[in-house]
1. What are the residues in the stretch 47-83 that are in a helix (DSSP H, G or I) and of a type in the set (Val, Ile, Thr), if any?
2. Cβ-Cβ under 9 Å, sequence separation 6+ or interchain: first residue in the stretch 26-52 and closer than 20 Å to GLU77 by Cα and at pLDDT 85 or above, partner among the aromatic types (Phe, Trp, Tyr) and open to solvent by less than 80 Å² (accessible area, probe 1.4 Å). Which pairs?
3. Among the residues of the stretch 84-98, write down those that are in a helix (DSSP H, G or I) and surrounded by 13 or more Cβ atoms within 10 Å (Cβ to Cβ).
4. So which residues in the stretch 45-99 are under 22 Å from GLY35 (Cβ atoms) and charged (D, E, K, R), if there are any at all?
5. Among the numbered criteria (1) at pLDDT below 90; (2) open to solvent by 50 Å² or more (accessible area, probe 1.4 Å), which single criterion is violated by LEU4?
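The values are calculated or read from the model by the stated rules, or taken from the named source; none is laboratory data. Here the structure is a predicted model, which means the values were calculated and not measured. Reconstructed Cβ throughout: ideal geometry from the backbone, glycine too, with neighbour counts over all protein chains shown. Heavy atoms of the whole protein, side chains included, go into the accessibility calculation; ligands, DNA and RNA do not. Shrake-Rupley method; radii C 1.70, N 1.55, O 1.52, S 1.80 Å.
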Amino acid sequence: MTILELTGVASSTYYERRKSEQRTTTKKTIAVLRGRPVTNHSFTRSGEAVSDEQIEEWLMELVSGEEHSYGYLMLNECLRIQHNLVINKKKTYRLCKKLGIL
């Protein structure tokens, strides 16, 4: 007599649950490995590296200097124009979120 017979659980139910547990652990490991690692710098158009700390300072200057509030897209454009940065809007969003200026 097997454990499944003693407990009254169908073998299909047992194996389906076991399979779904394996799927969820696999999804968790894939979610951790997904995407590119976050870099700590960006580049100017001339190829010089600029640290995220410097970009955060520039963002704070942009926000504190004006009466109206900027969105991250406008801040991204300002960084591109004023400081000749090659920066993605998603990185600007991430830095703004970290600084709490959204």
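1. If the condition is that a residue be in a helix (DSSP H, G or I) and of a type in the set (Val, Ile, Thr), then ILE55, VAL63, ILE81 are the ones that fit.
2. Short answer, once both residue conditions are applied: VAL50/TRP58.
3. LYS89, LYS91, THR92, TYR93, ARG94, LEU95, CYS96
4. Answer for the stretch 45-99, where residues must be under 22 Å from GLY35 (Cβ atoms) and charged (D, E, K, R): ASP52, GLU56, LYS89, LYS90, LYS91, ARG94, LYS97, LYS98.
5. Single failed check for LEU4: (2).
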